[in-house]
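Here the structure is laid out as C-alpha cells; the discussion comes afterwards.
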Amino acid sequence: MADPLSAHYGVSLAAIGLLTTSLFVTHLAAQLPAGRGADRFGSRRVALLAVAAAVAGNALLLVDAGYALALLGRAVVGLGSGAGFVAGLDLVRAGGGGTAMQGVYGGSTMAGGGLALMVVPSLTDATSWRAPYWTALLLAVVGALPTLVATGLPRIGHTGRWVGDRTLLPIGILQAATFGLAVVAGNWVVTLLEREGASSTAAGLAGGLVLFVGILTRPFGGLLAGRAGAHRIAAAALVGTSAGALLLALAGSFAVSTLSFSGSSPACPSP
C-alpha cells in the first residue's frame, strides 16, 4: 500500500515508512508496562484494552485528516499491538500452553501481517487507501472474541517484581534483528514486485510468505533448539535470513523473489 498511501497523503515513500516506525516505537514502549499491568490486573483485561486501542487507532486512521493524524493513529495501534502481544502470551501460559504452544503463538502473531499482504492489495480497488485500515480494524474485532471467552484462567507472573538478566540482551537484539527484517521486507515487497511487473494479487501472495512462513519456523526452531542446540539453530537462521535478504537485493525473477521471502522469515526461537 506504499504507493497509494503516498499519493493520498501527498508525502514521499520515506514518510510512508515512518508510519510503520510510529507503530513499532509505541509497540516496544507498551510491552513492559503491559506485563506489569497483566501481573496486577490480569492478562485478559490488558488484552481487551489492547484490542480497544487497535480498534480506536484504526478508526482514527480512517478519518481523512492528513498525514499527521495518520502518524498518531499508527502510534495508538502500536500501543494495542505491543500490549496485546504480552497479554496474549500470558493467556497462553495461563491456559497450560507449553514451549511448543508458546512458539506457535509467537509465530501466529505474524499471521495478521501475512494475511494483510495477501488480501489488502486486491482490496485496494474497492476501498482505495483505506484498505489496510479497514482490514486491521476488522481483525482487531475478531481478536476480541476468543479473549472475551478466556475466563477463569489463573494469574501468572512475578507479582510486581522486576526481573533483570543481562544474558537476555543479546537474545533481544537477535529477536529485534530477525523480526525487524521481516517487517521491513513485508512493508515493501508488494510495491517492489508490482514495479517489477507482477500483479497486485500475485505480489501479495508471494510477499505474505515473509510473515506466514514464520508461523511454522518459530515453533520448529524451538523444537530443533532442544536437539541441536540453540546457538547452532540461531546461527543457521541468521545465515538463512541473510541469504534471503541478499536474493531480494539482487532483484531476480518472481520465482527467486518468492524463495527469498521464505528464506528471510525468522526461524529463531522466541526469547
Residue check: is G152 at pLDDT below 75 and either exposed (fewer than 13 other Cβ atoms within 10 Å of the Cβ) or not in a helix (DSSP H, G or I) (or both)?
no
Residue that is most open to solvent (accessible area, probe 1.4 Å) [pool: residues in the range 88-101 that are over 18 Å from V213 (Cβ atoms) and touching a Gly at 6+ places or on another chain (Cβ under 8 Å)]:
T99
Just for helices (runs of 4 or more DSSP H) wholly inside the range 1-82: which have at least 3 residues that are of a type in the set (A, V, I, L, M, F, W, C) and either in contact with a Lys or Arg (Cβ under 8 Å, 6 or more places away or on another chain) or open to solvent by less than 20 Å² (accessible area, probe 1.4 Å) (or both)?
13-41, 43-61
Give the residue, chosen from T109, T159, T178, that is within 26 Å of A47 (Cβ to Cβ) and at pLDDT below 75.
T159
Looking at (1) open to solvent by less than 30 Å² (accessible area, probe 1.4 Å); (2) modelled with pLDDT of 75 or more; (3) not in a loop (DSSP other than H, G, I, E, B), find the lone condition where A198 falls short.
(3)
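Residues are listed down the side, and each one gets a yes or a no for (1) assigned to a helix (DSSP H, G or I); (2) of a type outside the set (D, E, K, R); (3) in contact with a Leu (Cβ under 6 Å, 6 or more places away or on another chain); (4) closer than 25 Å to L89 by Cα:
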{"residue": "G112", "(1), (2), (3), (4)": "yes, yes, yes, yes"}
{"residue": "A116", "(1), (2), (3), (4)": "yes, yes, no, yes"}
{"residue": "V119", "(1), (2), (3), (4)": "yes, yes, no, no"}
{"residue": "S122", "(1), (2), (3), (4)": "yes, yes, no, no"}
{"residue": "W129", "(1), (2), (3), (4)": "yes, yes, yes, no"}
{"residue": "W134", "(1), (2), (3), (4)": "yes, yes, no, no"}
{"residue": "L138", "(1), (2), (3), (4)": "yes, yes, no, yes"}
{"residue": "A144", "(1), (2), (3), (4)": "yes, yes, no, yes"}
Residue check for R93: in a helix (DSSP H, G or I), within 24 Å of V11 (Cα to Cα) and basic (K, R):
no
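The values are calculated or read from the model by the stated rules, or taken from the named source; none is laboratory data. Predicted model only: the values in this text are computed from it and were never measured. Because the Cβ atoms are built from the backbone with ideal geometry, glycine has one as well, and the counts that use them run over all protein chains shown. All accessible areas refer to the heavy atoms of the entire protein, side chains included, with ligands and DNA or RNA removed. Shrake-Rupley method; radii C 1.70, N 1.55, O 1.52, S 1.80 Å.
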